[in-house]
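Chemist: The structure's right below; bear with me while I get my questions together.
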Amino acid sequence: MMPVLPIRPLLRRALLGLAVTAMPLVFGGWSWLEGPQSTLQTAGPVAAEQAKVFYVTVWVTISIFVVVAGTLAYATLRFRARNAADEHVAPPEQSHGNPLIELSLIAASVLALVIIAVPTLRAIWYSYDVPEEEKANMYEVNATGYQWWFRFEYPKEQIDGSGTLVAANELVIPAHRPVRVNLRTTDVIHSFWVPKLAGKVDMIPNRGNHLWLNADQPGYYWGQCAEYCGESHAVMRFRVIALDEKDFAAWLTHQKQPGRTVAAAAMADERPKAQFASYKFTPVRRNAPGWTEQFDADPFGHWKQQQQPDPEEDPVLIAKGRQLFTQKTCAGCHTVRGQEGAGRIGPDLTHVGARTTIAGGLLENSPQNLHRWITDPNNVKPGNKMYYGTGGMQGYVKRNGETWEQNITVSDEEAHALVAYLRSLK
Amino acid sequence: MDALARSNFIGKEAQPDAARPWIFTRPTAKTGIVSWLTTVDHKRIGLLYGMSALFFFLVGGVEALMIRIQLAVPNNTFVSHAVYNELFTMHATTMIFLAVMPLSAAFFNYIMPLQIGARDVAFPRLNGFAYWVFLAGAIILNVGWFMRSGAPDIGWFGYAPLTSKAFSNQFASDVSTDLWIMGLQILGVSSIIGSLNFIVTIINLRAPGMTMMRMPVFTWMTLVTAFLIILSFPAITIALVELMMDRSFDTNFFEVSKGGLPILWQHLFWVFGHPEVYILILPAMGIISEILPTFSRKPLFGYPIVVFSGACIGFLGFGVWSHHMFTTGMGTVATAAFALMTMAIAVPTGVKIFNWIGTLWGGHLSMRTPMMFALGFVWMFMMGGFSGIMHSAAPADSQQQDSYFVVAHFHYVLIGGSVFALLAGIHYWFPLVFGRKVSELWGKLSFWVIFIGFNTTFFPMHFLGLNGMPRRTAVYDGNMGWNTPNFIATVGAFILAVGIGIYFAVMIYTYFKGEKAGRDPWDGRTLEWSLPNPPPEYNYAVIPTIHARDAYWYEKHHRDEIARENAEHAQAEASHGGIHMPSQSWFPLVTALGLLGGGLCFGCKDAINATMSGWGMTGHNFGILFAIGFGVMVFLGALLWALEAPGGYHVHAEEEKH
């Protein structure tokens, strides 16, 4: 008797081996889609609808791929010349085509496209604006792009004597509610993109665009400008923080308050400071990362924590920082409502200490990063207007013909004071 | 034939005409640098296009490698933000306008006249002019690298208002955008001139019997591409003129502060920009439609449908431009219309793929290097096509637009598509052009290295895009989950570079030392393979008569009939004085030099004026004055071109060496 080869077990073992070796590849592939800006791990109905359309296109194209690529692979293997003699035999039949095959393939392609077209059309209308039945519950904010930061305005939140509530780079919205974001720009084209909540829509000069989104859960979401907008486009980022109804109302009430002052006299006896600072600044290289794993482990928790005043804060240092804020002409471009400054060129800083990021969502709002940003802004965000100035306002440097000379310098000591002041603005 | 006998051309040999002033005589050098500078031979012009395109292909490749080095790890400092922006702008501009388009033009020039049995293009001097103008545009685009302004940094799409003076000249005087405008404008001149020439050639100079539906598919695609170019370039010409007026003369087409409309730029740009995509891919499809039948040894499956689908893609290509603008807030109806049109264009594209597979079916496939690249093209183009269908679903696209998913998509179409086909074409026609055959071993090795490197580079980018990584970003943070795919992509880019390196090293070796190829080394089907290699200056000793679609295949199977006809034609031609050839000319080069100087002076006018005022000369716009001076040179060049001796001479084909 011929020995029987154990084909089945061999095959099974081979398949198992293949599956095991392919596992990291497959799972590696999934971990490649789980970032904070994933377009497939969605957190709201708009992004979910867009992902659903994407999956339809994926399944349709994969089905076509299996058939067409299978045929192509089969034809290539089946009809290839295996040796030189094969190449020199008489040529094959010189056939010219088959209209019936052509027509049926065209019909099949059209059918496949219809499968994609139907959900596409539905989603175009759905994602364009807040559905009629939800309009009553809609919340509206205005987002304006600048080179290279975002200004967020709450048109319904009036503050007595100073207009509407304005924030920058961190958009706080109510969760479980449709939010319509009106998109504007004052300089070049930007694009508002929070992948987990909604696909992007551009901010185009002289054009009133909008998008809508709805956060399923309270949470902390990453966003980024998605249209090339000049030198520092890569570092034009922002965050969206969704809060439940109660927290959102509380946040609004707090935001409408003027900039926080720290009563220096009351605390001076306890902690006579201003001689040394709570951190030691270590200079970092250009483009050094401004994030930490500790923060990323619980960004929403950190945001909540950031709303509370720092227990270690030093009133004397803060008072000095507040003076420097005017002396160094910061107040010419920035506003701290209720205190110095009414500038509207740069981001509103009334509650900058309560934000989790600075420099347009680029750096975590830590003393170290704040220090880095205000002492060397051009190395953090090259080409920015704080450094070069704009309009009538001079920045850290001023133009002298074709060259630039230093206009503002911030010493290490001054930076410590400014950092303390800005961090006190909860 | 009295009229012919009195013709000015008859019986004249190529020699200076003593009766005319020297400036009106035509150069006659057949070798050396002058012969190349004054050439009107479509094959030499094709080679000039090819060499320039390959040079810029390498330049664009180096720019791509620098981009990949910067992105290999998060928060990298290899280049600054500003330099990175210049790199991605120039990488795209170079690859599209200075590498792929001229490489296609090289094939149009060299192969198309051979395929239709012509002895040259319809307007030989104009053909030379198109090349020199192309070179002028290429120089103007790249000259910024050597200036203080730096290279253009506005993206290859140059969206207003980032291109306006208010933003580009914010902190320093910057002429890079002006140079970009002039460079693209001049390249457009070259493309339109070249295309008109190809259209006239294909319509008028086909050999007897070559009806439109007997033309090789590559020639058909040349025709469709040429029409796309002459119809789409006017849109970008208008856009560039408006931008130039805004920047130079304070008009307000796009100036926001004066009520200009930046969105207007996007429409004009993409009315050009989307047909441009097909300008890049249709020649590639033509090449593939030549290679697959040759190496399958059977005719193209469904020739009429392949031709019509090519033309159909050309037409539909003008109706889908706003799918580049799904995120600009066009509103529901416009978005839906452009989404459906974009899906529709997938049908003729799919038809081509079905027909290529049908061509393989039942054939005898010889797996030579050109065939490998051609099959690689079909696979990779299919992948790029599928991600293209994903983009057509506008809601999905709102997540993918301007993300790395798009970068993956169009590199699959442009490298896996266009570049693979062009590399296949170089291998395929190399024996015809240079008379030598590339080693199969090295050719296939280069194919596999390129294939693996390409997929390693660009496949992970799909994931990057879906994971939210935007394009055109010089740095990214390490906490976004983008590190591994980016690193893999960079490794892939270097593998790809090694593959390209092997490919060209082998080509250069083969040019000098390769195995000599006999006539018709691939058992070809189209007319160009009937020629000795390299082809003589006059191409066809006797203009062939065409009886069937695969003309040379027919000829090989009906030798007696063809020999009889050729003898009759040869006799008729001899009675007209032999083979009529066009004379060379200096004026295409002179006129193009005028455009180069004018473009440079106008583009650099701010820098020139600053320099002149540094020398104490103010009060005039010297840049524009100099540009006008060069404009006079262009005018004189064209005038003398018109007035120079009509030229033309006759040669008598020697007995062909086999």
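The values are calculated or read from the model by the stated rules, or taken from the named source; none is laboratory data. Model, not experiment: these values are computed from the prediction. All Cβ positions, even for glycine, are placed from backbone atoms using ideal geometry, and neighbour counts span all protein chains on display.
Chemist: Give the residues of the stretch B:241-267 that are surrounded by 23 or more Cβ atoms within 10 Å (Cβ to Cβ) and among the hydrophobic types (A, V, I, L, M, F, W, C), sorted by residue number.
Modeler: Within the stretch B:241-267, B:Leu243, B:Phe254, B:Trp265 meet the criteria.
Chemist: Every residue in the stretch A:59-68 that is under 27 Å from A:Lys196 (Cα atoms) and more than 7 Å from chain B (Cβ to nearest Cβ), please. Write out each step before concluding.
Modeler: Going through the stretch A:59-68, the residues under 27 Å from A:Lys196 (Cα atoms) turn out to be A:59-62.
Across the stretch A:59-68, the qualifying residues are A:Trp59, A:Val60, A:Ile62.
Chemist: Now, a different point. Can you tell me how many residues within the stretch A:69-98 are modelled with pLDDT of 85 or more, assigned to a helix (DSSP H, G or I) and either at the interface with chain B (Cβ under 7 Å from one of its Cβ atoms) or farther than 13 Å from B:Met367 by Cα (or both)?
Modeler: 9
Chemist: Would you mind listing the strands (runs of 3 or more DSSP E) fully within the stretch A:147-221 where at least 2 residues are more than 14 Å from chain B (Cβ to nearest Cβ) and among the β-branched types (Val, Ile, Thr)?
Modeler: Values: elements: A:149-159, A:163-168, A:170-174, A:179-185, A:190-194, A:198-203, A:209-213.
Ranges flagged: A:163-168, A:170-174.
Chemist: Restricting the search to the stretch A:102-137, which residues are more than 7 Å from chain B (Cβ to nearest Cβ) and hydrophobic (A, V, I, L, M, F, W, C)? Talk me through it step by step, then tell me what you get.
Modeler: Step one: of the stretch A:102-137, the residues more than 7 Å from chain B (Cβ to nearest Cβ) are A:103-104, A:107-108, A:111-112, A:114-115, A:118-119, A:122, A:126, A:129-137.
Selection gives A:Leu103, A:Ala107, A:Ala108, A:Leu111, A:Ala112, A:Val114, A:Ile115, A:Val118, A:Val130, A:Ala136.
Chemist: A follow-up question, please. Condition test on B:His569, is it out of contact with any Ser or Thr (no Cβ under 6 Å at 6 or more places or on another chain), more than 18 Å from B:Leu179 (Cβ to Cβ) and not in a helix (DSSP H, G or I)?
Modeler: Numbers: out of contact with any Ser or Thr (no Cβ under 6 Å at 6 or more places or on another chain): yes; more than 18 Å from B:Leu179 (Cβ to Cβ): yes; not in a helix (DSSP H, G or I): no.
No; evaluated as a whole, the condition is false for this residue.
Chemist: Could I ask something else about it? Between B:Ile263, B:Ile288, B:Ile238, which is of a type in the set (A, V, I, L, M) and within 29 Å of B:Trp356 (Cα to Cα)? Break it down stepwise before answering.
Modeler: Values: B:Ile263 fails: within 29 Å of B:Trp356 (Cα to Cα); B:Ile238 fails: within 29 Å of B:Trp356 (Cα to Cα).
Being of a type in the set (A, V, I, L, M) and within 29 Å of B:Trp356 (Cα to Cα) holds for just one of B:Ile263, B:Ile288, B:Ile238, which is B:Ile288.
Chemist: Please verify whether the stretch B:539-558 includes one or more residues that are loosely packed, with under 15 Cβ neighbours inside 10 Å and not in a loop (DSSP other than H, G, I, E, B). Before you say what the answer is, go through the steps one by one.
Modeler: First, the residues of the stretch B:539-558 that are loosely packed, with under 15 Cβ neighbours inside 10 Å: B:557-558.
Retained after the next criterion (residues that are not in a loop (DSSP other than H, G, I, E, B)): B:557.
Checking the stretch B:539-558: at least one residue is loosely packed, with under 15 Cβ neighbours inside 10 Å and not in a loop (DSSP other than H, G, I, E, B).
Chemist: Something else: Residue by residue through the stretch B:433-484, note down the ones that are in a loop (DSSP other than H, G, I, E, B) and away from every other protein chain (no Cβ under 14 Å). Don't jump to the end; show me each part of the working.
Modeler: At the first step, the residues of the stretch B:433-484 found to be in a loop (DSSP other than H, G, I, E, B) are B:435, B:438-439, B:467-469, B:471-482.
Of everything in the stretch B:433-484, those that are in a loop (DSSP other than H, G, I, E, B) and away from every other protein chain (no Cβ under 14 Å) turn out to be B:Gly435, B:Val438, B:Ser439.
Chemist: How about the stretch B:46-92: which of its residues are hydroxyl-bearing (Ser, Thr, Tyr) and away from chain A (no Cβ under 14 Å)?
Modeler: Start the filter on the stretch B:46-92 by keeping residues that are hydroxyl-bearing (Ser, Thr, Tyr), which leaves B:49, B:52, B:77, B:80, B:84, B:89.
Passing the criteria: B:Tyr49, B:Ser52.
Chemist: Contact list please: Cβ distance under 8 Å, first residue in the stretch A:279-298 and outside the structural domain of A:Asn378 (by TED's automatic domain parsing) and modelled with pLDDT of 95 or more, second residue assigned to a loop (DSSP other than H, G, I, E, B) and loosely packed, with under 11 Cβ neighbours inside 10 Å, pairs at least six apart or on different chains.
Modeler: Qualifying pairs under 8 Å: none.
Chemist: For B:Asn533, work out the one condition from (1) among the polar types (S, T, N, Q); (2) surrounded by fewer than 20 Cβ atoms within 10 Å (Cβ to Cβ); (3) in contact with a Gly (Cβ under 7 Å, 6 or more places away or on another chain) it doesn't fulfil.
Modeler: Tallying (1) among the polar types (S, T, N, Q); (2) surrounded by fewer than 20 Cβ atoms within 10 Å (Cβ to Cβ); (3) in contact with a Gly (Cβ under 7 Å, 6 or more places away or on another chain), B:Asn533 fails exactly one: (2).
Chemist: Just name the residue that is nearest to A:Val60 (Cα to Cα) out of those in the stretch B:320-348 that are among the polar types (S, T, N, Q) and at the interface with chain A (Cβ under 9 Å from one of its Cβ atoms).
Modeler: Of all residues in the stretch B:320-348, those among the polar types (S, T, N, Q) come to B:322, B:327-328, B:332, B:335, B:342.
Next, from what is left, pick out any that are at the interface with chain A (Cβ under 9 Å from one of its Cβ atoms): B:327-328, B:332, B:335.
Working: B:Thr327: 24, B:Thr328: 27, B:Thr332: 24, B:Thr335: 21 Å.
The qualifying residue nearest to A:Val60 (Cα to Cα) is B:Thr335.
Chemist: Could you list, in sequence order, all residues of the stretch A:48-57 that are β-branched (Val, Ile, Thr) and at the interface with another protein chain (Cβ under 7 Å from one of its Cβ atoms)?
Modeler: Of the stretch A:48-57, the ones β-branched (Val, Ile, Thr) are A:53, A:56-57.
Within the stretch A:48-57, A:Val53, A:Thr57 meet the criteria.
Chemist: If you check every pair at least six apart or on different chains, which have Cβ atoms under 6 Å apart with a residue in the stretch A:126-145 that is in a helix (DSSP H, G or I) first and a residue that is surrounded by 19 or more Cβ atoms within 10 Å (Cβ to Cβ) and of a type in the set (S, T, N, Q) second?
Modeler: Taking only residues 6 or more apart or on different chains, not a single pair turns up.
Chemist: In addition: For the stretch A:309-364, which residues satisfy the criterion of being among the aliphatic types (A, V, I, L, M), buried (at least 18 other Cβ atoms within 10 Å of the Cβ) and in a loop (DSSP other than H, G, I, E, B)?
Modeler: A:Val336, A:Leu349, A:Ala359, A:Leu362
Chemist: Residue by residue through the stretch A:179-203, note down the ones that are surrounded by fewer than 22 Cβ atoms within 10 Å (Cβ to Cβ) and either within 14 Å of A:Tyr139 (Cβ to Cβ) or aliphatic (A, V, I, L, M) (or both).
Modeler: Once the filter is applied, which keeps residues that are surrounded by fewer than 22 Cβ atoms within 10 Å (Cβ to Cβ) and either within 14 Å of A:Tyr139 (Cβ to Cβ) or aliphatic (A, V, I, L, M) (or both), the stretch A:179-203 yields A:Arg180, A:Asn182.
Residues are listed down the side, and each one gets a yes or a no for (1) of a type in the set (D, E, K, R); (2) over 20 Å from the mean Cα position of the chain (by Cα); (3) in a helix (DSSP H, G or I):
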{"position": "B:Pro102", "(1), (2), (3)": "no, no, yes"}
{"position": "B:Arg125", "(1), (2), (3)": "yes, no, yes"}
{"position": "B:Trp132", "(1), (2), (3)": "no, no, yes"}
{"position": "B:Trp145", "(1), (2), (3)": "no, yes, yes"}
{"position": "B:Leu162", "(1), (2), (3)": "no, yes, no"}
{"position": "B:Leu179", "(1), (2), (3)": "no, yes, yes"}
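Chemist: If you check B:Ile608 against the conditions, is it crowded, with 17+ Cβ neighbours inside 10 Å and within 30 Å of B:Ala517 (Cα to Cα)? Give the steps one after another, and end with the answer.
Modeler: Working: crowded, with 17+ Cβ neighbours inside 10 Å: yes; within 30 Å of B:Ala517 (Cα to Cα): no.
Judged against the criteria, B:Ile608 is not a match.
Chemist: Just name the residue that is farthest from the chain's Cα centre (by Cα) out of those in the stretch B:487-531 that are within 30 Å of A:Val89 (Cα to Cα) and of a type in the set (Gly, Ala, Ser).
Modeler: B:Gly518
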